[in-house]
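Asker: The structure that follows is given in the form of structure tokens.
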Amino acid sequence: MACEKEIKEDDIVFVKMRYPKQKGFTEIKAYLNNEGKFICEDCFHNKS
Ligand SMILES: [Zn+2]
């Protein structure tokens with residue numbers, strides 16, 4: 001979690017990640033679990 005704010009249910013979240021070279025959604029989902037950083041909407045707009 002890159003964001004210090006606690007993300008609540010129904011909040012809009014953004015995932016900051018490098019797009020993987022692998023194709024396919026399953027791979028992307030696995031990649032996201034390992035490499036993805038979840039940030040809230042505020043952080044997304046403040047730091048880019
Ligand atoms: Zn945040």
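Derivation of every value follows stated rules applied to the coordinates shown; laboratory data play no part. Being a predicted model, the structure only gives us computed values, none of them experimental. Methodologically, a virtual Cβ is constructed for each residue, glycine included, from the backbone with ideal geometry; neighbour enumeration extends over all protein chains shown.
Asker: Okay, helix-only estimate at 222 nm for the chain: each DSSP H run of n ≥ 4 adds -39500 (n - 2.57), divide by all residues, round to 500 deg cm²/dmol; what do you get?
Answerer: Computed mean residue ellipticity for the chain: -10000 deg cm²/dmol.
Asker: Longest span of the chain, sites excluded, free of GluC sites (Glu not before Pro) in DSSP loop with at most 13 other C-beta atoms within 10 Å?
Answerer: The segment 10-48 is the longest one with no such site.
Asker: Hey, another quick one. Take every Cα pair under 8 Å in the chain that's 6+ residues apart, average their separations, divide by the length, and report that relative contact order as a whole percent.
Answerer: 54 percent
Asker: Once the dipole of the chain is set up with Lys and Arg at +1 and Asp and Glu at -1 on Cβ about the Cα centre, which of ASN46, CYS3, ILE28 lies farthest towards its positive end?
Answerer: The residue sitting farthest along the positive end of the dipole is ILE28.
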